[in-house]
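Since the structure comes first, as structure tokens, the remarks are kept for the end.
The values are calculated or read from the model by the stated rules, or taken from the named source; none is laboratory data. Please read all numbers here as calculations on a predicted model, not as lab measurements. Don't worry about glycine lacking a Cβ; one is built from the backbone with ideal geometry, like all the others, and counts go over all protein chains shown.
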């Protein structure tokens with residue numbers, strides 16, 4: 001398993017950098033002649049060898065189900081350390097961005113599923129329509145109808161998850177960044193949670209997500225917008241609004257942690273600020289984590305630590321019975 005993140009050939013030697021969901025990138029070298037004979041590659045790095053044995057990482061499983069249009073959809077699961085199917089576990093969708101990225105057998109310090117699983121969540125990563133690696137038609141099927149097929153895939157994934165004996169139906173969450181953040185905001189406008197607690201999802205985390213398609217024209221990536229939406233807002237506003245979460249704000253009723261960076265030039269932070277304030281104006285429990293020194297990604301170690309802390313605390317808060325949530329969910333935080 002694993003993903004090859006890079007490779008090079010010099011003379012008769014092949015060098016690869018590859019990771020898996022169980023470990024960060026490892027570097028190997030192998031003469032091409034011995035590779036053809038099946039010889040073992042020589043590992044060159046030892047960066048994480050002392051650290052990894054001290055970490056308890058949960059098991060990983062790849063599953064499939066029928067998603068939108070009856071197409072086969074892949075989902076990766078990361079289980080908590082010491083997982084037992086005899087116990088009930090919360091479920092957390094971690095929705096990748098792109099939309100043409102993909103979840104897989106790979107490792108990252110950002111959005112690391114093992115961190116979430118260590119808190120007791122079964123982490124689900126759906127490769128929804130639009131993901132790379134499943135053919136051209138699958139990848140481009142969402143053009144002009146963004147949110148439609150992806151939501152069907154995520155909901156089908158939730159169907160699969162809630163059919164498992166270990167899934168706690170009262171503790172299901174969804175989180176995503178960038179296009180995944182758009183999908184989380186989209187879910188909030190499409191899936192009812194009124195009266196509070198009657199919907200599938202207890203709470204959301206929206207990181208750097210598109211909230212308002214028109215406002216996102218404040219970024220200089222505007223040439224891509226009409227192509228993705230198959231519409232220009234000055235010529236076909238109804239079609240643009242049909243793919244914009246803010247147009248469905250009247251339906252939004254699920255508690256949400258909104259995260260954004262002031263230096264985000266891909267999805268300007270006006271999206272996150274508008275989303276947060278819209279939820280507050282509607283009386284929906286919301287929290288804002290706004291980084292004045294981060295861009296589309298949270299890259300500084302101190303900020304990354306705060307990001308994980310706020311993320312996990314938000315889920316912990318909303319995993320409690322409703323009566324115990326209280327006003328702690330209603331404050332805003334800005335970290336410089």
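Against the list (1) within 21 Å of residue 301 (Cα to Cα); (2) within 23 Å of the chain's Cα centre (by Cα), the condition residue 52 fails is (2). Restricting the stretch 132-147 to residues that are under 17 Å from the mean Cα position of the chain (by Cα) and touching a residue at least 40 places away in the same chain (Cβ under 8 Å), the residue that is surrounded by the fewest Cβ atoms within 10 Å (Cβ to Cβ) is 147. Restricting attention to the stretch 207-223, the residues that are free of Cβ contacts under 8 Å to residues at least 60 places away in the same chain and assigned to a loop (DSSP other than H, G, I, E, B) total 7.
Do we have residue 192 as in contact with a helix residue (DSSP H, G or I) (Cβ under 7 Å, 6 or more places away or on another chain), over 25 Å from residue 296 (Cα atoms) and buried (at least 18 other Cβ atoms within 10 Å of the Cβ) here? No, not satisfied.
Taking residues in the stretch 57-70 that are closer than 19 Å to residue 134 by Cβ, and partners anywhere that are surrounded by fewer than 13 Cβ atoms within 10 Å (Cβ to Cβ), the pairs with Cβ atoms closer than 6 Å and at least 6 places apart or on different chains are 64/72. Scanning the stretch 6-50 for residues that are free of Cβ contacts under 8 Å to residues at least 12 places away in the same chain and either surrounded by 11 or more Cβ atoms within 10 Å (Cβ to Cβ) or part of a strand (DSSP E or B) (or both) turns up 6, 7, 8, 10, 34, 39, 49.
Condition check ((1) in the same structural domain as residue 182 (by TED's automatic domain parsing); (2) within 30 Å of residue 160 (Cα to Cα); (3) out of contact with any strand residue (DSSP E or B) (no Cβ under 6 Å at 6 or more places or on another chain)) across all residues:
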| position | (1), (2), (3) |
| --- | --- |
| 9 | no, no, yes |
| 12 | no, no, no |
| 20 | no, yes, yes |
| 25 | no, no, no |
| 39 | no, no, yes |
| 45 | no, no, no |
| 75 | yes, yes, no |
| 87 | yes, yes, yes |
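Look at (1) at pLDDT 90 or above; (2) out of contact with any helix residue (DSSP H, G or I) (no Cβ under 9 Å at 6 or more places or on another chain); (3) surrounded by fewer than 16 Cβ atoms within 10 Å (Cβ to Cβ); (4) not in a loop (DSSP other than H, G, I, E, B) and you find that residue 53 fails only one, number (1).
The sole residue among 164, 152 that is over 24 Å from residue 244 (Cα atoms) and at pLDDT 95 or above is 164. When the residues of the stretch 241-254 are filtered to those that are in contact with a helix residue (DSSP H, G or I) (Cβ under 8 Å, 6 or more places away or on another chain) and buried (at least 23 other Cβ atoms within 10 Å of the Cβ), the one that is nearest to residue 309 (Cα to Cα) is 254. If you filter the stretch 173-198 down to residues that are farther than 24 Å from residue 113 by Cα and assigned to a loop (DSSP other than H, G, I, E, B), you find that the one that is modelled with the lowest pLDDT is 197. Restricting attention to the stretch 188-206, the residues being touching a strand residue (DSSP E or B) at 6+ places or on another chain (Cβ under 7 Å) and without any contact (Cβ under 8 Å) to a residue 60 or more places away in the chain number 3. The residue that is surrounded by the most Cβ atoms within 10 Å (Cβ to Cβ), counting only those in the stretch 110-128 that are at pLDDT below 95 and within 21 Å of residue 267 (Cβ to Cβ), is 128.
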